[in-house]
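So the structure is just underneath, and the comments pick up after that.
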Amino acid sequence: METLEPILSKHPFFKGLDKAYLELVTGCAKNVRFDAGQFIFRQHEDADVFYIIRQGKVALELSPPGRAPVTLQTINEEEILGWAWLVPPYHWRCDAQALELTRAIAFDGKCLRNKCMEDHSLGFELLNRLLPVIGKRMEATQLQLMDVYGAKK
Amino acid sequence: MESVQRQNVMLPSPYRVHRVHRETEDTFTLELTGKDGAAPSEFIPGQFNMLYAFGIGEVPISISGRSESSGGWLQTIREVGTVTRALHRMKRGGVLGLRGPFGTGWPIEEAQGNDIVFMAGGIGLAPLRPALHVVQSKRDQFGEVVLLYGARTPESLLFEKERELWRAKFGVQVKVTVDAAGREWKRNVGVVTSLVERTSFDPDHTVAFICGPEVMMRFSVAELKQSGIPEDKIYISMERNMKCAVGFCGHCQFGPTFICKDGPVFRYDRIRRFLAVREI
Ligand SMILES: Cc1cc2nc3c(=O)[nH]c(=O)nc-3n(C[C@H](O)[C@H](O)[C@H](O)COP(=O)(O)OP(=O)(O)OC[C@H]3O[C@@H](n4cnc5c(N)ncnc54)[C@H](O)[C@@H]3O)c2cc1C
Ligand code: FES
């Protein structure tokens, strides 16, 4: 059977990762698909998975009580969906909904998390890759908060 | 002699509003011809005019294109305050005062033979639009042409028909995103900088033109630099309050330069150090 290793080895997120670690990560990966409108995860649920989107588009949303849902960001092809699986308390911080037919590679985050506890070098490698993703999202949120296209105050 | 010249450039000429196009809730385009209906002169994409609402005030507004039917200049304006509000109230046939065109334009010829990335934020798409028209008219002289456009909400996006035309007919990679949207919006949400890595261009042979709020342009430059485009291939259009628009009064001074006559379009590496100074 063809494994996902050749695909993962080419993905920027795993670039330069030791072959043994790549095999380990591949062992935790599988192909998944979501129909348009399907929720991939919901806020506050356990975050035990993360995804690399291969095709489609996913909206990260917040649904404040009594208010209409707001899309915070969309995740597109080749991008990483989900970082809460590696950051305590391992709960999703928002909802994720497929906006169109979406194909992704899903990783068993719980299994990887345990492996990271056992092998801190693996943990370092994965955190090192995930932190820039979180950093970029934070920077984007700052820009959105500044409301740069609004009236100058 | 010099004072006579000064008087001339300071004296607005009457222009007629040939048509008003409503773009969004707060943004509109005035189509301006000479008072006798004649088409105005040539302009360089990126240049601006000083528009004078009689008795109220004068504001710098970039030329956003030329009307195919009347030959008039198009000026796309967002209502933010006193003068732009007065301009918003203008009707077909109304007359306003105009001085210009002033300032530097986008160096489109430098991009010929290369890929070209347009990065626009909000009303910033308007000053870039005439440059896109030039590229459209000589499409085969450019490699990849990319338009990355960010706005506040789906309702505030400008020039939808044209963006679709650029994409479908002229092979422009058009990518659009908004800062916030409800569920009904099925396209990108996020900051305009997030579009850069979703785009394909050859950074060693790319020229980038950026126009939008200054914060957006700073983040955009950082992202484009990270993607490999050198600073001396990045151009930005600067905004400051203006009075004379011809380098006399010093109102628009920015470091040792005047935005009205040395800009508004600057090569990024030439003004970078002044952008870092908070007070300027
Ligand atoms: C070279 C150049 C080209 C420009 N091109 C365009 C253009 O093509 N289209 C366009 O709509 N504008 C353009 N502008 C900006 C435009 O000149 C200003 O929006 C205008 O001067 C505001 O005048 P006002 O009297 O309506 O507002 P004011 O009464 O001066 O300001 C009212 C309020 O609006 C805020 N404000 C002022 N300017 C802006 C702004 N640019 N954006 C958001 N809030 C603002 C002020 O801080 C204030 O709170 C350009 C500016 C420059 C320097
Ligand atoms: S506006 Fe007077 S010098 Fe620029």
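The values are calculated or read from the model by the stated rules, or taken from the named source; none is laboratory data. Owing to the predicted nature of the structure, the values given are computational and were not obtained by experimental measurement. All Cβ positions, even for glycine, are placed from backbone atoms using ideal geometry, and neighbour counts span all protein chains on display. For the accessible areas, the whole protein counts, side chains as well, though only heavy atoms, and no ligand, DNA or RNA atoms are used. Shrake-Rupley method; radii C 1.70, N 1.55, O 1.52, S 1.80 Å.
Structure above, values below:
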quantity	calculated
Sites residue A:39 and residue A:87 - FRET efficiency at Förster radius 22 Å, r taken between beta-carbons, to 0.05	0.60
Rg and Dmax of chain B, Cα atoms only, in Å	18.5, 63
Under 16 Å, Cα to Cα: Lys pairs in the stretch B:108-275, sequence gap 8 or more or different chains	6
The protein assembly as shown - percent of accessible surface contributed by carbon and sulfur, probe 1.4 Å	52 percent
Relative contact order (percent, whole number), the stretch B:182-280, Cα cutoff 8 Å, 6+ residue spacing	23 percent
Shape metrics for the stretch B:211-280, restricted to C-alpha atoms - Rg then Dmax, Å	12.4, 39
Residue-wise HN-Hα coupling along the stretch B:11-26, computed from phi with Karplus coefficients 6.51, -1.76, 1.60 (Hz; x: Gly, Pro)	9, x, 9, x, 10, 9, 7, 6, 7, 10, 9, 8, 9, 9, 3, 10
Cα-based Kirkwood hydrodynamic radius, the stretch B:2-102, one decimal, Å	13.6 Å
Contact order normalised by residue count of the stretch B:141-234, Cα under 8 Å, 6+ apart, percent	25 percent
Sparsely packed chymotrypsin sites (Phe, Trp or Tyr not before Pro) within the stretch B:48-141, loop by DSSP, other Cβ within 10 Å at most 13	B:54
5 angstrom amide H check on residue B:185, placed H, neighbours 5+ away	none
Inter-chain Cβ neighbour average for residues A:67-73, partner chain, 10 Å	5
HN-Hα J in Hz across the stretch B:118-131 - Karplus 6.51, -1.76, 1.60, θ = phi - 60°, x for Gly and Pro	9, 10, 10, x, x, 5, x, 5, 5, x, 8, 4, x, 5
Local net charge near residue A:32, Cβ-Cβ under 12 Å (Lys/Arg +1, Asp/Glu -1)	+2
Diffusion coefficient, µm² s⁻¹, Stokes-Einstein with Kirkwood Rh over alpha-carbon pairs of the stretch A:5-146 at 10 °C and 1.306 mPa s	101 µm²/s
Relative contact order (%) - chain B, alpha-carbon pairs under 8 angstrom, separation at least six	17 percent
For the protein assembly as shown: accessible area per residue (Å², 1.4 Å)	48 Å²
Accessible surface buried upon A-B contact (total; probe 1.4 Å; Å², nearest 100)	2300 Å²
Burial ranking of peptide ranges B:141-148, B:120-127, B:222-229 (average Cβ count within 10 Å, highest at the top)	B:120-127, B:141-148, B:222-229
Folded to 0 to 90 degrees: helix B:160-170 orientation relative to chain B principal axis, Cα	60 degrees
Anchor residue A:30: aspartates and glutamates whose Cα lies under 15 Å away (excluding residues fewer than 8 positions away in-chain)	A:2, A:5, A:48, A:108
Net length gained if the chain between residue A:142 and residue A:54 were fully extended (0.36 nm per residue, minus Cα distance)	28.9 nm
Minimum 30 Å² accessible area buried by the other protein chains, the stretch B:167-185 residues, probe 1.4 Å, relative to alone	B:179, B:181, B:183
Dimensionless Rg ratio for the protein assembly as shown, taking C-alpha atoms and the 2.2 N^0.38 Å reference	1.12
Residue B:174 long-range amide H proximity, modeled H, under 5 Å	B:147
